[in-house]
Amino acid sequence: MMKPAMSVPELLLSETRMAMIHFRCHLRGRGLKLMGLVLIGVLASAHGICGCSASRPSAMEAAPGPPLEVDHPGDEDGLASPLVAESTVLTLEKAIVEALDASPELEQMQQRMRAASEQVRQAEASFYPRLVVTEDFSITNNPVFAAMHIINQRRLLPSTNFNDPGAQQDFATKLQGEMVLFQGGSRWFDRSAAVAQTRAARAELESARNQLVAKVTEVFYQWLQALAFISVAERALDAARVDLELGEARLKAEVVLPSEVLRLKARRAEMEGNLVTARASARKLQAALERLIARSIQEGELPSPSLSLPESLESSAGDSQQAFVERALANRPEMHAVKSMIDSAANRVRSSRGSFFPRLGASGLYQWNTEKWEDNPNSWLLGIQATWPLFEGGLSVSRMREAEARLKETEARGKQVALDIALEVRQAALAVNEAAEKIKVMTERRTWAGEALEEVRRLYDRQVVAVDALLQAEVAWNQAEVAYMASLFEGKIAQAYLRRSLGDFAEELNELQSRAQ
C-alpha cells in the first residue's frame, strides 16, 4: 500500500534541510561559514513560506553533528594550536628527549663505554711499579729452614748445631716492589688498542642514539598519521549519515526505492567499521611510542594530526646520491666505530709481536724477621731480571697469527658497513624522491575527487544520478583523502630515514638535550 505523498511545502523543507546538512559536513575545515549562514537563511525563508509551526526543530537540531572545524596552518609536526598550552602537548622534540633519557638500550651502551674506558686504565697500570706488603709466619724443625730462620733473625752462634737446630719460628714482614722496564712495546700497543676500543664504544653509542631518534620519529609520525586517519574516518562517517538521512527523507517522499536506503545503511556501517579500525591503530601506535619514552601519554598531550609538506623535502629529493653517500661515510657513527675497531685490531697485532723480544724488569725487597717481636732485624734485596723465551711450542706465533686474522676480519667488516651505508643512503634518497612525486599526484587526486564528489552530490540532490554513483564518488573521495594524508606522513618518514642514513640525527642530539635542560 502506497504511503500518502508529502505536500510540496513539506518536501521543500525536507530537501532544503538535507542540503544544509550536506553542505555543513563537506564545508568543514574550509572556513566557509558564510555559505552556512546563507543556507540557514534559505531554510528560514522556506520555513516562513511554508507556514510551518515555530515548534518544528531546526536543521541544526534535527541533525546534530560536530561543529565546523577550521584548520590552523601553524599546527605542524604535532604542534598544538594557540588555544592549547604548548608545554602540555607532546611534540616530536619532547618525545626524542624523553626517549633518550629513558632508553635502557642506551644505558647498556653507556655502561659498555665505561667498561671500555676502564680497560684503558688497566692497560696504563702496567707502566707503574707494583708494590706489595706481606706478613708471613712459619714454624719448622727442618734443619735447612730452621737454620735460615736463625740467620735471618741474627741469632746465629758458634755453638749452633746445624744438624739439629730444633724447632724455630719466624715472623717475616716483606715490602716488595716490581716494575717492568721493557716488554717489546706490548704494553704501549695494548693501551693504544684499549683507547681505540673506547672510541669504538663511544661511536656505537652515537649510532644507537641515531637509530633511536629515527625510530621515535618514525613511530611519532605513524601515530600522527593514525590520528589523521581517525579524522578522515569521522568525516566519512558524517557524510554517510547525512546521505542516509537524505535517502530516508526521499523514501518517505516515495521518490527512491528502499534498496537505495539499504545501500546507504551498509555504507554507514562500513564507515563505522573504518572508524573503529582507525582508532584501534592509533591506540597501538600510541602504545609503541609510550614504550619508547617509557611512560604513559595523557589525553591532554595528544598533538594535532595536521601536517604540511616540509620545504626541505623537495631540496633533499634533488640532491645527488653520490654526494649523499660521501656525506654519510664521513658522518655516520658506524664508520667511526669500525675505523676505531680496525685501529684497535692493528694495535693488538703489534702487541702480539712484543712477545718475540726479551722482557726486562726490576725488583726490590725489604724484609723484617723476628722470633718473638722483641727485635726487628731487617734486610734488603735489589735485582734486575731479563727473560727471553726461546721456545714455547709456537704459542707466540699462534697469538700473532690470531691477531692478524682478527685484523683482516675487522677490515672486511668495515667494507661491509660502508657498502651497507651506501645502499641505505641510496634507498633513502629514492624513497624521498618517490614521496615528493607521490605528494604531488595525491594532491591532484584529492582535489579532483573532492570536486567530483561535490558535483555528484549536486546531481544526486536533483535526482539526476542514482545512489550508486554517489557511493562510488564517496569511496573515491575517501580513498583520495586517505592516500593524500598517507603521502604527507610517508614524506616525513622518508625524510627521517634519509637523515638517519646520513647521520644527521647524531649531530643534533646534544643540542636537543641541552635545550631540554
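Taken together, the values in this text are just the output of simple stated rules run on the coordinates, not laboratory data. Note that the structure is predicted; figures quoted are calculated from it, not measured. Backbone-built Cβ (ideal geometry, glycine too); neighbour counts: all protein chains shown.
Descriptive notes on the structure:
- Within the shell of other residues whose beta carbon sits under 15 angstrom from the beta carbon of A280, the net charge comes to +1, with Lys and Arg scored +1 and Asp and Glu -1.
- Protection proxy ranking of 397-406, 344-353, 261-270 - average other beta-carbon atoms within 10 Å, highest first: 344-353, 261-270, 397-406
- Straight-line reach from K438: taking Cα to Cα under 17 Å and skipping same-chain neighbours fewer than 8 places apart, the lysines in range are K492.
- Relative exposure of R332, R235, judged by other C-beta atoms within 10 Å (fewest first): R235, R332
- Contour minus Cα-Cα distance for R130 and N142 (0.36 nm per residue): 1.0 nm
- Ranked by how many other beta carbons lie within 10 Å on average, peptides 240-251, 214-225, 182-193 from highest: 214-225, 240-251, 182-193
- Extension gain for E402-R154 works out to 83.8 nm (0.36 nm per residue, less the C-alpha to C-alpha distance).
- Segment T173-E93, length gained on full extension (0.36 nm per residue, minus Cα span): 22.3 nm
- Note on L251 and S363: their simple-model spin labels are 10.4 nm apart, each label 7 Å out from Cα toward Cβ.
- If you plug the beta carbon distance of A115 and A294 into 1/(1 + (r/R0)^6) with R0 = 22 Å, you get a FRET efficiency near 0.40.
- Checking the cross-link pairs K215/K408; K94/K440; K215/K284 against a 27 Å limit on the alpha carbon distance flags K215/K408; K94/K440 as lying beyond it.
- Taking every alpha-carbon pair under 8 Å whose residues sit at least 6 apart, the stretch 141-221 reaches a relative contact order of 25 percent.
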